Amino acid sequence: MRIDQNGVESFKEPVRKKALCIFEFIYFARPDSIINGQLIYPTRQAMGEKLSLEHPVDVDMVMGVPDSATAAGIGYAHAANKPYCEGLLKNR
């Protein structure tokens, strides 16, 4: 609806394609959030596993940066068959 000096006009906007910022999946959403029917924690783990397959590296261990990269780090470690360790801790 638009109201201006010419009066009141009612109209429908065309349906726009829905888009989601990737940072919702990676950083912002809580691990127990559900976005587009997907639980965020296993989605982050799957992203870590995919990263391990696409960019393998020779490492002794894997660690994520708390808190949003923890699940991805676990997924990467699992797919790379490497241990996951906590090397960085958040001071709460």
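The values are calculated or read from the model by the stated rules, or taken from the named source; none is laboratory data. Keep in mind that this is a model prediction, so the values were computed, not measured. Cβ placement follows ideal geometry from the backbone for every residue including glycine, while neighbour counts extend to all protein chains displayed. Please note that ligands, DNA and RNA were not included when accessible areas were found on the heavy atoms of the full protein model with its side chains. Shrake-Rupley method; radii C 1.70, N 1.55, O 1.52, S 1.80 Å.
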>> Mean-square fluctuation check for the chain, GNM, Cα pairs under 10 Å: which of V15, V65, V57 is largest?
In response: V15
> Which whole-Hz ³J(HN,Hα) couplings does segment 12-24 yield from phi under the Karplus relation 6.51 cos²θ - 1.76 cosθ + 1.60, θ = phi - 60°, glycine and proline marked x?
Replying inline: 9, 7, x, 5, 9, 5, 6, 9, 10, 5, 4, 5, 4
>> Given the options M47, F11, G87, identify the residue whose Cα lies farthest towards the positive end of the charge dipole of the chain (+1 on Cβ of Lys, Arg; -1 on Cβ of Asp, Glu).
In response: F11
> Relative contact order for the chain using alpha-carbon pairs under 8 Å, separation at least 6, rounded to a whole percent?
Replying inline: 22
>> I'd like the Karplus ³J(HN,Hα) series for segment 37-46: coefficients 6.51, -1.76, 1.60, θ = phi - 60°, whole numbers in Hz, and an x wherever there's a Gly or Pro.
In response: x, 10, 6, 5, 4, x, 5, 5, 4, 4
>> Quick check for you: with a 1.4 Å probe and neighbouring chains kept, what is the accessible area per residue of segment 27-84, in Å²?
In response: 65
>> Which of rounded, prolate or oblate describes the chain when judged by the alpha-carbon gyration tensor and an a/c cut-off of 1.5?
In response: prolate
> Using only helices, what value at 222 nm comes out for the chain when you add -39,500 (n - 2.57) per DSSP H run of length 4 or more and divide by the total residues, to the nearest 500 deg cm²/dmol?
Replying inline: -9000 deg cm²/dmol
>> Just to check I understand the Karplus step: with θ = phi - 60° and J = 6.51 cos²θ - 1.76 cosθ + 1.60, what whole-Hz values come out for segment 53-68, glycine and proline as x?
In response: 6, 7, 9, x, 9, 8, 10, 8, 7, 10, 9, x, 8, x, 9, 5
>> Can you give me the distance in nm between label points at Q38 and D4, each placed 7 Å from the Cα along the Cα-to-Cβ direction?
In response: 4.1
> What's the carbon and sulfur percent of the chain's accessible surface, probe 1.4 angstrom, rounded to a whole number?
Replying inline: 56
> Using a simple charge model, +1 on the beta-carbon of Lys and Arg, -1 on the beta-carbon of Asp and Glu, nothing else, what dipole does the chain show about its Cα centre, in debye to the nearest 20?
Replying inline: 280
> Taking the Cβ of G75 as the center, what net charge do the other residues with Cβ under 11 Å away carry, scoring Lys and Arg +1 and Asp and Glu -1?
Replying inline: +1
>> Give me the one-decimal nm value for the distance between modelled label points at C85 and K18, 7 Å along each residue's Cα-to-Cβ direction.
In response: 4.3
